[in-house]
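Here the structure comes first, spelled out in structure tokens, and everything after it is commentary.
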Amino acid sequence: MTPLGALALFFIGVAASIFGSLVGLGGGFVILPVLRIVFGASPAEAAGTSLVMVLANTAAATVGYLRHRVVDLRLAIPLTIGAVPGSIAGVFAVQRFSSIGFDIAYGCVLILNALLVLRRRSLVSREAGERTFAHDPRVGVAAGFGVGFFSSLFGIGGGVVLIPVLLIGARMAPHIVTATSAFVITTTAPVGVVTHVLGGDVDWHFALPLVLGGLAGGSIGPLIAKRVSSPRLITLLATALMLAAVGLALRHIF
């Protein structure tokens with residue numbers, strides 16, 4: 001890769017990680033379409049490389065969220081326990097996808113989440129610290145498996161599961177969901193990363209500049225999140241999901 005290409009990936013990583021840490025998706029939902037559309041990476045390679053950047057991004061963001069005490073640790077622990085086996089299963093699942101099938105599945109997941117998030121605007125959030133059905137350890141472990149599975153399958157972290165479960169179903173505050181999602185991804189993504197690396201799915205020429213950008217941008221996201229209102233955060237999330245889905249669709253049209 002040329003120095004110019006590496007620099008471009010670095011700034012893409014910065015931008016994606018800032019936005020990803022704002023909405024709790026780790027920035028992978030931006031990186032994955034870039035790797036698939038611009039660089040023509042295979043589904044497994046895009047997922048593995050993206051997940052490396054997501055880990056760097058969310059790890060940096062989680063430090064800030066823990067410092068500001070907005071992570072719901074009672075909920076995060078069961079999610080983490082369930083996500084570990086799910087992460088391994090996701091790596092094996094992505095090997096079975098064709099390129100078109102992968103993009104269609106990913107696009108459908110993004111659009112479904114965008115619609116659910118927009119519906120969330122009409123719901124009233126619970127008070128911070130209030131227990132919900134999601135705090136049941138059985139629900140947490142089951143949801144955690146889905147978090148780990150989709151995290152490794154698409155390389156975008158587990159926000160695609162936590163957003164509808166916590167934001168829509170449990171009606172938790174968006175900032176708590178974002179912080180808790182980042183924490184869970186940080187504690188479980190290493191399992192998926194190691195499994196992807198062992199499978200040869202990570203292109204380090206892409207991953208290294210993305211990781212550096214993820215570390216730089218991930219530390220900025222929590223500072224911005226404190227200044228963004230919940231309705232605006234929800235709109236940002238839905239818009240980002242839709243744009244990522246459209247980008248993948250256009251890849252197969254042109």
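Overview of results
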{"quantity": "Subset of the stretch 34-53 [within 22 Å of residue 236 (Cβ to Cβ) and either under 13 Å from the mean Cα position of the chain (by Cα) or not in a helix (DSSP H, G or I) (or both)]", "calculated": "50, 53"}
{"quantity": "All positions within the stretch 157-171 that are open to solvent by less than 10 Å² (accessible area, probe 1.4 Å) and touching a Leu at 6+ places or on another chain (Cβ under 6 Å)", "calculated": "157, 159"}
{"quantity": "Residues (in contact with a helix residue (DSSP H, G or I) (Cβ under 6 Å, 6 or more places away or on another chain) and not in a helix (DSSP H, G or I)) located in the stretch 54-70", "calculated": "70"}
{"quantity": "Of the criteria (1) assigned to a helix (DSSP H, G or I); (2) basic (Lys, Arg); (3) at pLDDT below 80, which one residue 126 fails", "calculated": "(1)"}
{"quantity": "Residue in the stretch 71-87 that is in contact with a Gly (Cβ under 8 Å, 6 or more places away or on another chain) and under 20 Å from residue 207 (Cβ atoms) present", "calculated": "yes"}
{"quantity": "Hits in the stretch 184-205 - residues which are part of a loop (DSSP other than H, G, I, E, B) and not β-branched (Val, Ile, Thr)", "calculated": "199, 200, 201, 203"}
{"quantity": "Flag for residue 138 being loosely packed, with under 14 Cβ neighbours inside 10 Å, at pLDDT 85 or above and either at negative phi or among the small types (Gly, Ala, Ser) (or both)", "calculated": "yes"}
{"quantity": "Qualifying residue in the stretch 101-122 (condition: outside any helix (DSSP H, G or I) and modelled with pLDDT under 85)", "calculated": "yes"}
{"quantity": "Residue within the stretch 217-230 that is at pLDDT 85 or above and open to solvent by less than 20 Å² (accessible area, probe 1.4 Å) present", "calculated": "no"}
{"quantity": "Criterion: at positive phi and surrounded by fewer than 24 Cβ atoms within 10 Å (Cβ to Cβ) - qualifying residue of 5, 64, 27, 40", "calculated": "40"}
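The values are calculated or read from the model by the stated rules, or taken from the named source; none is laboratory data. Model, not experiment: these values are computed from the prediction. As a convention, Cβ positions derive from the backbone with ideal geometry for all residues, glycine included, and neighbour counts pool all protein chains shown. We work out accessible area using only protein heavy atoms, side chains counted, and drop any ligands, DNA or RNA first. Shrake-Rupley method; radii C 1.70, N 1.55, O 1.52, S 1.80 Å.
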